[in-house]
Every structure is written in C-alpha cells, then in structure tokens.
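A short write-up of the structure that comes next.
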Amino acid sequence: MAKPEYYYGVHSVESLLELEPERVLTLFTLKGRDDQRLQKVLQLAEPFGISVQQASRDSLEKLAGLPFHQGVVAAVRPYPILNEKDLDDLLTATPNAFLLILDHITDPHNLGACVRTAAAMGVDAVVVPRDRSASLTPTARKVAAGGAEKVKFIQVTNLARTLGQLQDDFNVRIIGTMLDDKALPLHQCDFTGPIAIVMGAEDTGLRPITQSKCDQTVYIPMSGNLQSLNVSVATGMALYEACRQRQAQ
C-alpha cells in the first residue's frame, strides 16, 4: 500500500469528506477541541466509519509538517497522478473545454490560490509541467480550500508539446497572458469555445517556447505605476473574464 498523504485545514478536509470520503483513512483532531467547525467534520466522517483519533498540537504539527493545521489532519490514500492520457480523455468528453495552464509556477501558495479560483470559475482542468513546477502538496491543498478536490490537476512531461497537441488534435485556442505587440486588453479577447489560458511565473513570465504556441496574447490594463500583479491575482482576473463571457454565451 502506498504511503498515505496528509491533508490539513478545515476547508480542505471538509471538501475531501464531501467528495471522496473513501480515500480518508484516519482523522486526527486536536485534543480538547470541540467547536462547531470540528463537529461538522466529524459528522461528515461518521457515516463512513472513519477512525478518529485525538492528538496533541505537536503531533498534528508533525503530521501536517506545519503549525497551521487548524486542529484537524486527515491521513489519505494518495490520489492517482493524472497525465496526458487523462487530459486526452477529458478533451474528448468535453468539446467546449476550459483549461488553465500554469507555466512553471513554483510557489505552492500561488498554485493553491490558482486552483481555488479555477474551481470557482468552472475550469475543467489545471495543467502544469511535471518538472520545475509546484505540485499539490498539503500546503497547496490547504490554500486551495477544497478546490483541489473539485478540479482536475494534470501533470504533463512536455508542456510545449502538450500545447501543440491541444491545438492540432482538439482545436483548443491557446491564450497567453503577456504584453507584446499583438496582445489585446483582457476584455477585448474572445474567450468562448475550447480554450486554454496560460499564466507564466511572476519573475520570468511565459517561457519563449510557450509564447511560440500562443494563438493570442492578452494583458490586464492597469493604471498607476504598477507593472505586474501576483500570478494568483492575475489568474483570478483572467479566469473571471473568461467565465463571464462563457456564461453570457
């Protein structure tokens, strides 16, 4: 049996119990805690016969790897890692796909925030390169606040090759966020139909090989002296505009 993963934080554990309770092996709760939020977690776990163990604050911190566990940690069967085949299956079943591509986002907090927004905006899958990119660590899952259980997270070996296959095999338009001569203001771009919005790292932006795959580039008009936004904030703005257009359609 594979080594269990540890999810922590009330929202993350609640979402897991609501959507995939069969994966939860054991719940560890803070000894002496008996508030309404914890009671909801325990009520969700009870119908499935999930073992509940009380633990000290130090023990929970060791399981979570961080002190910010909010008094609840779940030992969980690892989720299968989704790859290119799963992406192909998704696109075959979803002709009007809405994807978020993250080009080498390495901060798990930024990844978690992007995943949370993607789930809220109706994104079908978040796609990242397997190497030199943050994965869904317990920290990223906590920041995602349940979003990681509601949107597919797919890791691919070669991002540029995957973008080319999206275009050639599934007629997905690749829309990159960067300021170049051809970039449109965000609100002037057509986000309907099968699309993939590509966000780059804050410090380097989209890599040149990723830029070469974009059918259209867009930028977020800003006033004042600021030239850039945190990648999770920019992702939220781009996804909201896309969601607004797609719902209107």
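The values are calculated or read from the model by the stated rules, or taken from the named source; none is laboratory data. Nothing here was measured: the structure is a model prediction, and the numbers come from that model. Positions of Cβ are generated from backbone atoms using ideal geometry, with glycine treated the same way; all protein chains shown enter the neighbour counts. These accessible areas exclude ligands, DNA and RNA; they are computed on the full protein's heavy atoms, side chains included. Shrake-Rupley method; radii C 1.70, N 1.55, O 1.52, S 1.80 Å.
Remark: the chain carries 50 Å² of accessible area per residue (probe radius 1.4 Å; ligands, DNA and RNA excluded). Expressed as a whole percent, the accessible area of the chain that falls on carbon and sulfur atoms is 49 (1.4 Å probe). With all projection directions averaged, the alpha carbon convex hull of the chain covers 15.3 nm².
For an R0 of 51 angstrom, estimate the FRET efficiency from the Cβ-Cβ distance between Ser59 and Lys182 and round to the nearest 0.05. For Ser59 and Lys182, the calculated efficiency is 0.40.
Ser51 contributes about 50 Å² of solvent-accessible surface, heavy atoms of the protein only, 1.4 Å probe. Note on the chain: lysine pairs with Cα distance below 29 Å, sequence gap of 8 or more or different chains, count 26. Using 0.36 nm per residue and subtracting the Cα-Cα separation, the extra length available between Ile220 and Ser135 on full extension is 27.9 nm. Springs between alpha-carbon atoms under 10 Å, Gaussian network over the chain: tell me which of Asp89, Asp35, Asp168 tops the mean-square fluctuations. Judging by the Gaussian network model, the answer is Asp35. Centre-to-centre, using Cα atoms only, region 181-249 and region 26-88 are separated by 35 Å.
If R0 is taken as 45 Å, the Cβ-Cβ distance between Arg33 and Leu229 corresponds to a FRET efficiency of 0.75.
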